[in-house]
Amino acid sequence: MAAKTKTIPWDPTERLTTKKAMVSFINAALEDGDPALIAAALGDVARAQGMTRIARDAGLTRASLYKALGGDAKAEFATILRVLGAIGIKLQAKAA
């Protein structure tokens, strides 16, 4: 009889406790280039800092923030910039 594998849920927000960890997490998503992954990473960072506060600081409702950063959502660039500002991270360009 095969042994059963026990799995536990993994929540990235538990590891996003420092600004450095948050920046690294978002940069990894940006390097991947998948818009859904980038939105999800921003959502994870926002959850780590508190969705209610991030929504307020970004000038959004909590529900619209969840919607903008959820799975198949295609958030507007302006929304992404507002969320980045609310979480205290700047978007910068660099030569490829």
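The values are calculated or read from the model by the stated rules, or taken from the named source; none is laboratory data. On a predicted model such as this, the values are computed, not experimentally measured, just so you know. Glycine also receives a Cβ, built like all others from the backbone with ideal geometry; neighbour counts cover every protein chain displayed.
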Are any residues in the stretch 60-89 without any contact (Cβ under 8 Å) to a residue 12 or more places away in the chain and among the charged types (D, E, K, R), and if so, which ones?
ARG62, LYS67, GLU76
Which of the residues belonging to the stretch 75-96 are small (Gly, Ala, Ser) and either assigned to a loop (DSSP other than H, G, I, E, B) or in contact with a strand residue (DSSP E or B) (Cβ under 6 Å, 6 or more places away or on another chain) (or both)?
ALA75, GLY88, ALA93, ALA95, ALA96
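Condition check ((1) exposed (fewer than 13 other Cβ atoms within 10 Å of the Cβ); (2) under 28 Å from LYS94 (Cα atoms)) across all residues:
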{"position": "GLU31", "(1), (2)": "yes, yes"}
{"position": "ARG47", "(1), (2)": "no, yes"}
{"position": "SER64", "(1), (2)": "no, no"}
{"position": "ARG82", "(1), (2)": "no, yes"}
Any residue that is out of contact with any Leu (no Cβ under 9 Å at 6 or more places or on another chain) and within 29 Å of ALA96 (Cβ to Cβ) - is there at least one of those in the stretch 7-15?
yes
Return yes or no: is LEU30 assigned to a helix (DSSP H, G or I), farther than 17 Å from THR13 by Cβ and modelled with pLDDT of 90 or more?
yes
Cβ pairs under 6 Å, 6+ apart or interchain, first in the stretch 44-59 and farther than 15 Å from ASP11 by Cβ, second of a type in the set (D, E, K, R) and surrounded by fewer than 17 Cβ atoms within 10 Å (Cβ to Cβ), ordered by first then second residue, are THR52/ARG62; ALA55/ARG62
Considering the stretch 54-74 alone, what residues qualify as being outside any helix (DSSP H, G or I) and over 11 Å from LEU42 (Cα atoms)?
GLY59, LEU60, THR61, GLY71, ASP72, ALA73, LYS74
When (1) over 13 Å from the mean Cα position of the chain (by Cα); (2) surrounded by 11 or more Cβ atoms within 10 Å (Cβ to Cβ); (3) not small (Gly, Ala, Ser) are applied to THR7, the one that fails is (2)
Name the residues in the stretch 24-41 that are more than 19 Å from LYS67 (Cβ to Cβ) and free of Cβ contacts under 8 Å to residues at least 24 places away in the same chain, would you?
SER24, PHE25, ASN27, ALA28, LEU30, GLU31, ASP32, GLY33
